[in-house]
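Following: one structure in structure tokens, then a few remarks.
The values are calculated or read from the model by the stated rules, or taken from the named source; none is laboratory data. Fair warning: this is a prediction, and the values are worked out from it, not measured in the lab. Please note: Cβ atoms are built from the backbone with ideal geometry, for glycine as well, and neighbour counts cover all protein chains shown.
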Amino acid sequence: MSLLRLAMWSGPRNVSTALMRSWGNREDTVVVDEPFYAHYLKVTGLDHPGREEVIAHHESDWRRVVDSLLAPLPDGVSIFYQKQMSHHLLPQMGREWLGAVTHAFLIREPRPMLASLGDKLGDFDLAATGLPQQVEIFDHVVRTTGRIPPVVDSADLLAAPGPMLRALCAALDVLFTSRMLAWPPGRRSSDGIWAKYWYDRVERSTGFEAPPATDVLRGLPPRLEALDAQCQPLYQRLHAHRLRPP
């Protein structure tokens, strides 16, 4: 049985948790939810919702986290889906382990992402969007493998879940299953302890859902307009390589 350790690099306020639900509903897959989050909060000192609870409940040593990402998989499991937040890969963390996993990228148009993140965090900087780190990891993968890794735009995924998941599976040499299109509602034991602060909508979901029209139409306050100008070139860099449905 060939094994796939898949690091899906996303930024915040994307459909990353729904995509984790999708992969987690496969019979051959186990998932892990933002494994570096506790380390990220401990090192940066950022005051995210439930900060102390996250650090107390999850492993905060990035080296031990890496060991867990590369550990043997349970019997019958051939895919280890790792929901990764790209901004959690801090500069001082080693990159050697990246060569032991397969990489894919989930992106979202910056304007609605910035509006949603602003609702949760208030003030934040470019690094908190994850886009600079996504580009860094993308470039690292291209440089070390000589290949363009799969890039999925969440707008494409929400518009055509079946075709886009088929395209992603094909790019990863994985058989698509319709189990990826729907899942039971509720929380999972694999969810991070932070689920109660961030996952209210996905816990009610049973499949991929289009975002509310207000998410698309919302304007940005001036402080976020300036940040959007920084995000756009990074997003467009990755967007140029996005998968198209077959």
Filter pass, residue 19 being of a type in the set (A, V, I, L, M, F, W, C) and over 17 Å from the mean Cα position of the chain (by Cα): no
Selected residue [surrounded by 15 or more Cβ atoms within 10 Å (Cβ to Cβ) and over 15 Å from residue 193 (Cα atoms)] from 88, 39, 48: 88
Tally, over region 1-45, of residues that are of a type outside the set (Val, Ile, Thr), out of contact with any helix residue (DSSP H, G or I) (no Cβ under 7 Å at 6 or more places or on another chain) and without any contact (Cβ under 8 Å) to a residue 60 or more places away in the chain: 2
Residue check for residue 74: under 28 Å from residue 185 (Cα atoms), surrounded by fewer than 12 Cβ atoms within 10 Å (Cβ to Cβ) and touching a residue at least 24 places away in the same chain (Cβ under 8 Å): yes
Any hit, region 197-214, residues being surrounded by 15 or more Cβ atoms within 10 Å (Cβ to Cβ) and touching a His at 6+ places or on another chain (Cβ under 7 Å): no
Qualifying residue in region 151-163 (condition: more than 21 Å from residue 26 (Cα to Cα), at pLDDT 95 or above and not in a helix (DSSP H, G or I)): yes
Filtered residues of region 48-84 (kept if over 20 Å from the mean Cα position of the chain (by Cα) and among the β-branched types (Val, Ile, Thr)): 77
Close pairs from region 145-161: first over 26 Å from residue 97 (Cα atoms), partner among the charged types (D, E, K, R), Cβ under 6 Å, at least 6 apart: 154/108
Residues of region 13-30 that turn out to be among the aliphatic types (A, V, I, L, M) and part of a loop (DSSP other than H, G, I, E, B), as a count: 1
Cβ-Cβ under 7 Å pairs, at least 6 apart or on other chains, region 121-142 side buried (at least 16 other Cβ atoms within 10 Å of the Cβ) and of a type in the set (A, V, I, L, M), far side at pLDDT 95 or above and not in a helix (DSSP H, G or I): 137/9; 137/89; 137/103; 141/103; 141/149
Test: residue in region 48-61 that is in a helix (DSSP H, G or I), under 22 Å from residue 137 (Cα atoms) and out of contact with any His (no Cβ under 8 Å at 6 or more places or on another chain): no
Identity of the residue in region 1-41, among the small types (Gly, Ala, Ser) and modelled with pLDDT of 95 or more, that ends up farthest from residue 52 (Cα to Cα): 22
